[in-house]
1. May I ask for the distance between the Cα centers of the stretch A:504-554 and the stretch A:410-432, given as a whole number of Å?
2. If R0 is 56 Å, what FRET efficiency do you get for residue B:49 and residue A:138 from their C-beta distance, rounded to 0.05?
3. With each label point set 7 Å from Cα along the Cα-Cβ vector, what nm distance links residue A:379 and residue A:32?
4. Gain in length, residue A:391 to residue A:474, computed as 0.36 nm per residue apart minus the alpha-carbon separation, to one decimal in nm?
5. Label point 7 Å out from residue A:235 along Cα-to-Cβ: which residues of the stretch A:274-309 have amide N under 16 Å?
6. What's the FRET efficiency of residue A:420 with residue A:2 using the Cβ-Cβ distance as r and R₀ = 60 Å, to the nearest 0.05?
7. Are there DSSP H segments in chain A that both extend 27 Å or more along their axis (alpha-carbon positions) and score a mean Kyte-Doolittle hydropathy of at least -1.0? List them, or say none.
8. Please compute the Kirkwood hydrodynamic radius over the stretch A:246-433, one decimal place, Å, based on all pairs of different Cα atoms.
Amino acid sequence: MKLGGYAGNILYVNLSDGTSRKQPLDEDLVRECIGGAAINNRLALDLIRPDIDPFSPGNAIIIGTGPFNGTFIPGASQTMSVYKSPLNNSFPHSNAGGVFSHFLKSSGYDFLVITGRSQWPVYLLIDDDNVSLKHASDIWGMDGFDSTDELRLRHSPCSIIPIGIAGERLSSISVTHIDKGGTIGSGGLAAVMGSKKLKAIVVCMGSRSIEVADPKRLRSLVDGILEKITGYHLRGEMMKGGAMTMTSAWIPPGVVARNSSELMPYPADLKEIKAELYESHKAARKKIACATCPLSDKDRLDLPGCRTNYDTAVFMEMAALTYSPALGHSSEGTAAERYAMAIKYYDEINRLGLDRVYSFNGLADFVITLYEQGIINKSDTNGIALDRSYDTLLALVRMTAAREGFGAVLCDGVLSAARKIGNLAAGRVQNVVKGQFIAFDPRMSGFLPMHLGMLVHPGRTLGVAPAMGAPSYSPGWPLADLKKQAERCGVSPPDINRLFSNDSFNLGRLAKHGEDFFGLFNILGQCHRLYISRFYSLQTLADLYSAITGIEKKPAELKKASSYMWDTWLELNHRAGFTHRDDEPPNIWFKPLKSPDHEYTLYDYSLKRPLSRGDILDYLDEYYSERESQE
Amino acid sequence: MDFQSGRLFSQVQTMTTRVTKGNRYIESDSSKCAGCITCMLRCSFRSGDKFSLSASSIRVERLVGRPHEFDVSFKEDCDACLICARYCPYGALTASKVTDEA
């Protein structure tokens, strides 16, 4: 294949017989689907039976890159994956940064498809045409970060996707990380790797090059983007504080707990606490950047008396963990000590490999609430008293990852845990859709496009894909700003007129267009975190794509390719048994969320109109109608 | 854990490497490198209009168990063209002309 921007090959690896083969990437497929998540979907439709047992050798792990990976486009770092999930039998998408996508392409491959099952622990080593399975018995049992270190010592320079203990023990709520940074595989990718006895995927820096159709045009476009980024007024502070700089304002007045029935407030001096935590974070932080990222939102955190910690991006709400009475509470310590305790928790859960955001935190609250209510007791928990303390949280993490003791009840997610505990528990599961918790309770924020995405897509959306840029995951922004974002995201003037009225907008229909724009990032291999995606418009993406590949595509054509990606994702999950009925909003959303001095109820984006279940179902109908009408 | 020192961040030692060609030099400070590999991509693209990590004259490698996370080094074929320093987002590469003091 002569197109710029592609390595030109798919690598197929069969773990059962230890064979691999390189197959040219079909140019017609590339012209139609572009790459990344879209080609991942096509491969999954062809290769994975919808009814297959996720832990059977026939389940495929599909890892893809896009035409931006391997170039110096700022933020072109993402690696995309799809597989059949053991958590809910869906086909979840996920993506993460690091340098994996660049190194895979430097070895000559755009896509990697892994099937089969090894008889003993192995890791896959890719080094140009040398593709081999190495014995991994000596690192089986290591956590994800120690495994990365060990493999880095053996094969550096390389990029690594390992699994931790949770993946080895086939926990359905396991995840993993690329290069000790970006989280990938919500929905049990690590467990699927574990079922295949695949401890890690290691790709070395290869000898192949990536050609570009129009180097001069690419240079000019990227220089323009860099000029905007370096002139960004928050960049200087973000270089010091990373993701926390951009998210410190997002911290709500408390933490939702007791099965989403109660808001447990932070201490009254939260403002001062935040300031102290932010200073502790900046002092502890060393910048880690994914490939080509000029903003470095990831963190290496050096704390006295601790091993070096890493995280994908520490948000203020994470740093304030121990101040919250909801989960992981500690009543003692300075801000620096509290910060260190919080980081230790994230390090532990990252190393062991559990999905904190969409599974573990809600699951821990669920069983602690059952204990508080007397529905379970020490005889159910193997003698452990469950409370909301830091020590209990750490104990729950460790036993869940190891599938030991009460952890054997928890390790496959909240629905499984409720079934194992019994009837009284099953009826108490709240704020869960398709087996995973809805992050960011909409009663606190108003109903945002990202909530719609979390209802529709099992395994959760591609980041905040349905959002139309930063305003749409912050409620109540003026319509003029939302329209400006819609223009940036390539919504046509007639569509803007149709979707916006004088005082409102059609959330369900607009979400479809947000998905199409942000889905492109996962097709091209581009980071869609808000602080990098803000510098890109649909026109910019189209110009970059044309400069790299030599295929002149208009913005509308690019958006259509993304729409096709979303359609095939819906098709994958429809074939796996999901229907519109599975999108039902949780009952708890229509009950008050109580705090000591306030009751939060569900409102629309403007925070002016209360929403009923019927309103949410209308949003969903509008979303599907918009997607079907533009096929 | 000892939190009494009031110092959270363990001291990172500056580790510098320098390459000189003619009257130009580039100096790397590994303690500032964030590992984005932009320098490697820029280097190879300048010399060949294509991206090749292995052909780059500068190399960024991630380390294990060291105070700094990355190591930056130059290959012998580096001609100190300065493009890596120009595009390093983190100030880990500085370029200058050789003076009597340098």
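1. So the separation of the two Cα centres works out to 38 Å.
2. For R0 = 56 Å, the calculated efficiency reads 0.80.
3. Distance between the two pseudo-spin positions: 6.1 nm.
4. Using 0.36 nm per residue and subtracting the Cα-Cα distance, I get 26.5 nm.
5. A:289-290, A:292-297
6. Step by step, r from the Cβ atoms, then E = 0.60.
7. Taking the DSSP H segments of chain A (at least 27 Å long, mean hydropathy at least -1.0), we get A:555-575.
8. Its Kirkwood hydrodynamic radius stands at 17.4 Å.
Just so you know, all these numbers are worked out from the coordinates, no wet-lab data involved. Small disclaimer: the values here were computed from a predicted structure and weren't measured. Neighbour counts are summed over all protein chains in view; Cβ atoms, including those assigned to glycine, are modelled from backbone coordinates with ideal geometry.
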